[in-house]
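Comments concern the structure below.
The values are calculated or read from the model by the stated rules, or taken from the named source; none is laboratory data. Quantities reported herein were computed from a predicted structural model and do not represent experimental measurements. Glycine also receives a Cβ, built like all others from the backbone with ideal geometry; neighbour counts cover every protein chain displayed. Areas reflect the complete protein model, heavy atoms only, side chains present, ligands, DNA and RNA absent. Shrake-Rupley method; radii C 1.70, N 1.55, O 1.52, S 1.80 Å.
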Amino acid sequence: MLLAGLIQMLKFPWLKLAYFPLVISMTALYTPSVIIPLSLIIPFLWLKDFISTGNITGEAAFSFFLIAAAVVSSVLSNKLRKGKDKAVTSLKTIKDKAMNMVHETDMDSISSNKAMSHYLASMMKTDEEIKDLLQTIRQAVFADSANLFVPHNDGFMLRCSSDESSDIDIKGNGIILECMKDKKMLSSSEVNEKKIEAGYTKNNKISSIIAAPVVDGSAILGCLSVESSRYHAFREPDKKTLMMFADYIVRVLERERIYPKIKRDYNGAKILQEESSKLVSSLNIDFISEKLCEGATKIVFSKVYLFLSKGKGFELIHSTGNVNEKGKRFNLKGTIINMVVENKIPIYLSDIKDYRIPVMPFKTEDVQSLVVMPLLYENNLFGLFVMLMEKTEFPDTFQRELINVMCNQAATSIANAKLHAEIEKLAITDGLTGLFNHRTFQEKLTLELKRLNRFSEPLSILISDIDYFKKINDNYGHPVGDIVLKEVAQKLRDTVRDVDVAARYGGEEFAAILPGTDSEGAKIIAERLRKEIRNASFSANGTQFRITISIGIATSPSDTKKKEDLIEKADKALYHAKHNGRNQTVLWNSIK
C-alpha cells in the first residue's frame, strides 16, 4: 500500500515493477500462506487504473506475472527453509548423541564392561559419524557434495564423502593441497573459468568450492571441502559454517586417534583388576607367585622370574623361562638384578648388550631388555620380580606402572601369606622345640587312624620320657633343661621318617606317629632313637653329662583300633619301662 501511494504521488507507473523484488525478498521472511494472499491483494490496489486506462492486457499480464513470481519464489524459499531446518536438526541430533556419549562415559564406572565396550565400539564408527556430518554440511550450505580429504604421502586422499557414488578422482595439487599446506581456508566461485584446479574431479561439473583446513593445534589432519556446479554458489556465512564443522571434525578425529590408547589402557586396567583380585584371594605363596607371573605376561610378553629371599640368598619360586633351577637358592651378587637388592628401587634397562656382568645367576639367552621390581613390605625387601624381553622394545610408562601395582599387591599378599603361615605354625607347633604340639598330635592321630580303616595298614605310636629330667633342671637350671629338650627333639626329628609325625607330648615327654609300621618296625626306630640320645653328650658349668629316655609303644589294629585306647596302652608301656629300670623300649604287647 505504501508503494502504491508512492507511485501515484510521483506519477511514475513504471515503478510498479518494484513489486517483483519486493514480493520475492519478502519470501525470506514469510511463509507462502502470507506471501500468496498478499500478491493477490496487490492488483486490487490498481483496480481504478485498470478500469480507467483501458490497458486491460498490460494490467492483466502485470497481475498474472506478479502472482506467479510470488507463488514460485514462496515455494522455492519454503523448500530451502525446510532443507536448512532439516540440516540444523541433523546437526543438533549429532551433537546430542556426542554429548550423551560423553555423559554416559563420565557416569559409568570402568568396572562396567558393557558400558565401556559400548563406548569403545561407538568410537570405531568414526567414518559413519563423519558421513553424517558431511550430509549435514551439504544441506546446510546447499552444496552438491561435501568431502573430507586427509594427507597421504606427499599428497592427499579421500577419507569420506557425502556423495554415495564416490566418483571423485584425485588429481593432486589444486585448492585442496594448497589448503593443507597453508592451513588456511580457500574458496573459488569460478573454478573452471579462471583456470583454478580443485585438486580432484567428479562426473558433475565443479564451478564453486570452499576448502577448510582441519587442524589440531599445529598438526594438519585433513581438508573439509564443499563444491557446487553453480557459479557463486557460496557466501561468507557458508565459510563460517564450514569452519565450525571443521572444528567439530577435529574432535571426531581426535577421539579416533586416542582410541588405541584408551583401549590399551582399559584392557590394562581390566587385567590389573582381574589379576589383582586373584592375588588377594589366596594365602598360598605358590598360587600368588603363579598368578603374578601370568598377569604380568598378559601386560608385557616376556619371560618372568620370581625370587623370594631365603637366608642370605634368594630362592627361585616361579618362572616361565626354560630353567631347571626352580626351588634352588642363589647368591645374586655379581649380577645385574643385584642392583635392585642393593638399592631397593626398580630398574628398567632397554638395551643390555653392552653390560659385561651376567643378568641372572644362571645362564639366559637372547635377552635384550629387562624390568626388575623389588618386592617390598614395610620397606623390607623379601623378593624380586624379573621380566626379560628378547627385543629392545621396552614396556612404556603405563605398562610399567601396571606391573608395579601388581608387584606391590603381590608383595602385600605374599607378606600376608607368610604371616598366616607363621601364625598357623605357631598354632600347631611347640614354640621351644619346633615339633608339633599336643593338640596337633591328637588331630593327626585321628586322621591317620581313619586312613588306617580305609587301607588296613598298621600304625604305631611312640611315647617317650626323658629319665630324671627334674634333676637336670635342679642341678643345671632351666636354660640347660631347655637345651636338652631341643636336642632330644632334634634327635627325634632326625630319626623318624618324613611320613612320620614327631611331637612334643608335654613337659619332657615326646611322641611320634609311625604310619604303615608294625610293632617290630616301631621298636627298631625307637631303639635307634634311644641309643642316639644315650650317646649324646651335654655340658653345663664345665661339667659333662649324659641323659637317657624311656619309650612305650602301642600298635593298631593289633593292640586296639580306638585312639584313646592306643594312647593309653603306649602310655602304660612307657610307665612299665620307667618302673623297670628306665633307658629301655617296651612294647605294649610284651606286657599285656
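Computed values, structure above
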{"item": "Where labels lie 7 Å past Cα in the beta-carbon direction, separation of residue 427 and residue 486 in nm", "result": "2.7 nm"}
{"item": "Stretchable slack from residue 2 to residue 301, in nm (0.36 nm times residue separation minus alpha-carbon distance)", "result": "99.1 nm"}
{"item": "Modelled FRET efficiency - R0 35 Å, residue 444 with residue 331, Cβ distances, 0.05 increments", "result": "0.40"}
{"item": "Cα lying deepest toward the dipole's positive end in the stretch 461-559, options 542, 552, 516, charges on Cβ", "result": "542"}
{"item": "Cα-centred dipole magnitude for the stretch 422-486, charges only on beta-carbon of K, R (+1) and D, E (-1), debye, nearest 20", "result": "200 debye"}
{"item": "Counted charge near residue 428, where neighbours are those whose Cβ lies closer than 14 Å (Asp, Glu -1; Lys, Arg +1)", "result": "0"}
{"item": "Efficiency of FRET from Cβ geometry, residue 560 and residue 399, R₀ 56 Å, rounded to 0.05", "result": "0.30"}
{"item": "Chain lengthening between residue 539 and residue 339 when straightened (0.36 nm per residue, less Cα-Cα)", "result": "67.4 nm"}
{"item": "Approximate spin-label separation residue 60-residue 22, in nm, with each point projected 7 Å along Cα-to-Cβ", "result": "2.5 nm"}
{"item": "1.4 Å probe accessible area per residue over the stretch 491-592, in Å²", "result": "48 Å²"}
{"item": "Förster radius 25 Å - calculated FRET efficiency between residue 76 and residue 204, Cβ distance, rounded to 0.05", "result": "0.75"}
{"item": "Accessible surface, per residue, of the stretch 396-464 when the full set of protein chains is kept, probe 1.4 Å, Å²", "result": "51 Å²"}
{"item": "Residue 528 versus residue 196: modelled label distance in nm, points set 7 Å from Cα along the beta carbon direction", "result": "10.5 nm"}
